[in-house]
Amino acid sequence: MVDVLVAGAGPAGISCAIEATRAGLTCVVLEKGSIVDAIRRFPVNLTWFSTPELLEIGSVPFVTSTFRPSRIDTLNYYRRVCSHYGLDIRPFDAVAEITRSGSMFTVETSKGRTYQAGNIVVATGYFDNPNRLGVPGEDLPQVLHYYDEPYRYSGSRVTIVGGRNSAVEAALDLFRHGALVTLIHRGEQLSEGVKYWILPDIQNRINAGEITARFSSSVLEFRSGTIVVRTPTGIIEQENDFTFVLIGFHPDIEHLARFGIALHPETLAPVHDSETLETNVPDLYVAGSVVAGKENNKVFIENGRHHGAAIVRAILARRVRG
């Protein structure tokens, strides 16, 4: 039995656990993967646009040798923070069910363990649920929904589906490491949200014919060794070794609904109090990017890291009133 049980050991979930620990509350964090697992699965060469102080949690300084931290810097930092506070994190044991009886929650996990908690924080993010095209052949092994690193694909014909930052950055990285890259995007041009310092680079590569771009186009089918695309001038079938479908992510709405959390009909964001982050289920809170539903470009580590303090304040205030 614990005061606070946190589902998800990303930066927002860790922040919640730190604030609970600081307040003298008992806390357990359940995580379906490893600590900050979403960051672990980021492209291996990733460098953050944010500076270290914007990623800090728990008042622990994030010291790096460069102005912008790398993926490795960030993984090491968050693990060090967890160690510093002695957080009780249970990796590879996901929350499967949450039920309520009186003033307590009962939590069942994927490993068959049972916990009781007075308060629950769902900080499960959205990175585990990539958006899909829903076309034939999308489950073929050469069709991937996460970009990892470029070296495996050198000399291969690689198609990138998408027109936002992740797609553009993957296309440039692959091109610079020897892949033959085609970018397919349903829009007439790249997304307006593409980072301003990357946009000239991708446009120059396209203009020079170094990266093939097919705008106002969509994938109709994946086949072994080829991809079928609808373009403004007709349907074509082009040779293809690998495809990265990088069109964003969505929250795990099935789990949220099963936990009794109401969802906004358009954004699929969990209904919650904007000040306390408490959902329609009393004593059940949300934190981090899951708060925004499909609008996951509104909550990042930089602002989601503050959710823990707001949640713990609400828990303590309710105890005082009680």
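Read the figures in this text as sums done on the coordinates, not as results from a lab. The structure displayed is predicted, hence computed values, not measured ones. Virtual Cβ from ideal backbone geometry, glycine too; neighbours counted across all protein chains shown.
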Given charges at beta-carbon only (K, R positive; D, E negative), |dipole| of the chain in Debye
380
If you average 1/r over every pair of different alpha-carbon atoms in the chain and take one over that average, what Kirkwood value in Å do you get?
21.2
Where a Cα-Cα gap under 17 Å defines reach, which aspartates and glutamates qualify for Lys294, not counting those fewer than 8 residues away within the same chain?
Asp128, Asp252, Glu254, Glu266
Measuring from the longest principal axis of the C-alpha atoms of the chain, the long axis of helix 71-85 (C-alpha) lies at a number of degrees, nearest 10, equal to 10
Among Leu268, His145, Trp48, which residue has its Cα furthest toward the positive end of the charge dipole of the chain, with +1 on Lys/Arg Cβ and -1 on Asp/Glu Cβ?
Trp48
Where both partners of a DSSP beta bridge lie in the range 49-206, what percent of those bridges are antiparallel, to the nearest 5?
65
Within the chain, longest stretch free of exposed trypsin sites (Lys or Arg not before Pro) [DSSP loop, at most 14 other beta carbons within 10 Å]:
1-110
Average projection area in nm² (convex hull over Cα atoms of the range 164-322, one quarter of hull surface):
12.5
Put a dot 7 Å past each Cα toward the Cβ at Ser218 and Trp197; how far apart are the dots in nm?
3.6
Cleavage-rule hits, GluC sites (Glu not before Pro), the range 228-322, DSSP coil, Cβ neighbours within 10 Å at most 13
Glu266, Glu275
Expressed in Å to one decimal, the Kirkwood Rh of the range 143-245 from all distinct alpha-carbon pairs is 13.5
In whole percent, what relative contact order does the range 1-129 give with Cα contacts below 8 Å and a gap of six or more residues?
35
